[in-house]
Amino acid sequence: MTAKRWFVFVLSLGLAMGFALAQGVTITIACGAVGQELELCKEETAAWAAKTGNKVTVLETPQLTNDRQGFYQQQLAAGSSDIDIYQIDVIYPGTLANFMIDLKPYVSADELKVQNQGIIANNTVGGKLVAMPWFTDGGVLYYRTDLMKKYGVAVPKTWSELFAAAKKIQDGERKAGKKDFYGFVFQGNAYEGLTCDALEWIASSGGGTIIDASGKVTINNAKAAAILDLVASQIKLVSPPAVTTYDEEKARGVFQSGNAAFMRNWPYAYSLGNQEGSAVKGKIGVAPLPAGPGGSNVGTLGGWQLAVSKFSKNPKVAADLVRYLTGREVQKERAIKGSFQPTIPDLYKDADVLKAVPFFKDLAGRQPVARPSTVTGPKYGEVSAAFWSAVHDVLSGKSKAAAALAALEKKLNQIKGSGW
Ligand code: GLC
């Protein structure tokens, strides 16, 4: 090409691009809908749209992660280009990798460097960066600071201490006329949330991680059985009978209306619990989850990422929105407004963030326990469903833990077949 032609070519390309940008495109993002998620997603994407001249449609997705995953898989299996960006759970990069573009060419080395490298590794499948980390999660124990004082109870360090403290406070509050008051609420419904809670009980009791890093099924052990039976024995005693139908939001509803002494939940519940109108505003303490006998306290690793569909008609623009949402500025805002845990480690030292969510400073060095999603890859969904239904049978009194775990071990080995 001659210099003149080259000039004309570049000029017309520039004009075409300018025209395209001025026109703007519409990007559709599938966002979570738990607590403040949807509202924040709308605000943040609108800010990006105003900056870039594009439009964004925010799609509300099912609340439970496993239902959301089912919906995603339907869309993707059909090759639908309706959704450009998917908010995906930390357990799903292995399952969804083939449907997403590699984000590496779209993000700078600096943008990658500031992120939590463990999550980047989790999101990298076969060398491909399937998704950018948006927020991380870790299970924590919420407690009522006022009631701990009133009943002279210390923050429990073991599960037995927790159940004893829960009983003491519950008895006192019921005597004082609060008939619907309970000691401890958590996620006991048969779904992914129960997998997270039960993994915490078991891992913190030295009972392993269901399947170990080498792929061996380890769940059928005495420590795991003992803690499951112990938790089951507390239902009706300190946990409501309906806890076997609770997800995150139901547990939060009970705690936030002032009807529970302790709650297991993710950090997002902190900001909502301290909002105007909450019965427990200013009365919320947050601590690590308890440990079992001889074990150590751990919270399950959760969290969400943003991925661009390989069927998107505008992958470049979609990737730009992903970069914006997962960048420092938006992560900081989400930490302050919604107590969503940043995936940029540096933000755990940010004064504004720590002022809004003081307990974040304790989370920085904590070692979470991961679900076995990397080792089981695309079979994780099946593995988790088998696990949570066995645990649910124990919680609802259908089975004793030893029998349930022996059957679960067989089932998991069947799912494994000749390998993961
Ligand atoms: C939270 C976690 C996610 C987990 C889910 C279970 O959203 O971030 O990783 O799978 O809870 O309900």
Reported set for segment 323-350 where residues are in a loop (DSSP other than H, G, I, E, B) and either in contact with a His (Cβ under 9 Å, 6 or more places away or on another chain) or under 18 Å from E39 (Cβ atoms) (or both) is S339, F340
Taking segment 131-169 and the residues there that are β-branched (V, I, T) and part of a helix (DSSP H, G or I), the one that is surrounded by the most Cβ atoms within 10 Å (Cβ to Cβ) would be I169
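So that you can scan it fast, the table gives a plain yes or no per residue for (1) more than 21 Å from M148 (Cβ to Cβ); (2) free of Cβ contacts under 8 Å to residues at least 60 places away in the same chain; (3) buried (at least 19 other Cβ atoms within 10 Å of the Cβ):
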residue	(1), (2), (3)
A232	yes, no, yes
V254	no, no, yes
Q275	yes, yes, no
A279	no, yes, no
Listed by range, helices (runs of 4 or more DSSP H) wholly within segment 214-300 having at least 2 residues that are under 18 Å from S204 (Cα atoms) are 222-233
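Per-residue answers, yes or no, for (1) over 18 Å from the mean Cα position of the chain (by Cα); (2) hydroxyl-bearing (S, T, Y); (3) within 14 Å of the ligand (Cβ to nearest atom):
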| site | (1), (2), (3) |
| --- | --- |
| L301 | no, no, yes |
| V308 | yes, no, no |
| K316 | yes, no, no |
| Y324 | yes, yes, no |
| K332 | no, no, no |
| P342 | no, no, yes |
| L347 | yes, no, no |
| S384 | no, yes, yes |
| D393 | yes, no, no |
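Let's see how each residue does on (1) out of contact with any strand residue (DSSP E or B) (no Cβ under 7 Å at 6 or more places or on another chain); (2) of a type in the set (S, T, N, Q):
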| position | (1), (2) |
| --- | --- |
| C41 | no, no |
| N54 | no, yes |
| T61 | no, yes |
| T65 | no, yes |
| F71 | yes, no |
| D82 | no, no |
| Y92 | yes, no |
| T95 | yes, yes |
| A109 | yes, no |
Across (1) within 16 Å of the ligand (Cβ to nearest atom); (2) at pLDDT below 95; (3) not polar (S, T, N, Q), D89 clears everything bar (2)
Within segment 271-299, residues being at pLDDT below 95 and either within 18 Å of E37 (Cβ to Cβ) or within 16 Å of the ligand (Cβ to nearest atom) (or both) number 1
Over segment 190-203, the set of residues aromatic (F, W, Y) and over 16 Å from G299 (Cβ atoms) is Y191
Just one listed residue, out of G172, G177, G206, G215, is closer than 15 Å to V298 by Cβ, surrounded by fewer than 19 Cβ atoms within 10 Å (Cβ to Cβ) and more than 19 Å from the chain's Cα centre (by Cα), and it is G206
Note: among F19, F71, just one is under 20 Å from the mean Cα position of the chain (by Cα), among the aromatic types (F, W, Y) and either away from the ligand (no atom under 16 Å from the Cβ) or at pLDDT 95 or above (or both), namely F71
Yes or no: segment 304-322 includes at least one residue that is of a type outside the set (A, V, I, L, M, F, W, C), in a helix (DSSP H, G or I) and loosely packed, with under 15 Cβ neighbours inside 10 Å. yes
Any residue at all in segment 191-198 that is touching a residue at least 12 places away in the same chain (Cβ under 8 Å), over 18 Å from F262 (Cβ atoms) and either in contact with a Lys or Arg (Cβ under 6 Å, 6 or more places away or on another chain) or surrounded by fewer than 19 Cβ atoms within 10 Å (Cβ to Cβ) (or both)? no
Selection from segment 304-359 of residues β-branched (V, I, T) and touching a Phe, Trp or Tyr at 6+ places or on another chain (Cβ under 9 Å) yields V308, V322, T326, V330, T343, V353, V357
When every residue in segment 354-376 that is in contact (Cβ under 8 Å) with a residue 60 or more places away in the chain and surrounded by fewer than 16 Cβ atoms within 10 Å (Cβ to Cβ) is compared, the one farthest from the chain's Cα centre (by Cα) is D362
Quick count over segment 54-110, residues being of a type in the set (G, A, S) and within 17 Å of I27 (Cβ to Cβ), is 2
By residue number, the members of segment 89-129 that are out of contact with any Pro (no Cβ under 7 Å at 6 or more places or on another chain), touching a residue at least 40 places away in the same chain (Cβ under 8 Å), assigned to a helix (DSSP H, G or I) and buried (at least 18 other Cβ atoms within 10 Å of the Cβ) are P93, L96, F99, Y106
(1) in a helix (DSSP H, G or I); (2) under 17 Å from G381 (Cβ atoms); (3) modelled with pLDDT of 95 or more all hold for A50 apart from (2)
Scanning segment 354-381 for residues that are touching a Lys or Arg at 6+ places or on another chain (Cβ under 9 Å) and in a helix (DSSP H, G or I), the one modelled with the lowest pLDDT turns out to be K361
When segment 180-189 is checked residue by residue, the ones that are farther than 19 Å from G303 by Cα, in contact with a Leu (Cβ under 9 Å, 6 or more places away or on another chain) and within 16 Å of the ligand (Cβ to nearest atom) are G188, N189
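The values are calculated or read from the model by the stated rules, or taken from the named source; none is laboratory data. Keep in mind that what you see is a predicted model, and the values were worked out from it rather than measured. Virtual Cβ from ideal backbone geometry, glycine too; neighbours counted across all protein chains shown.
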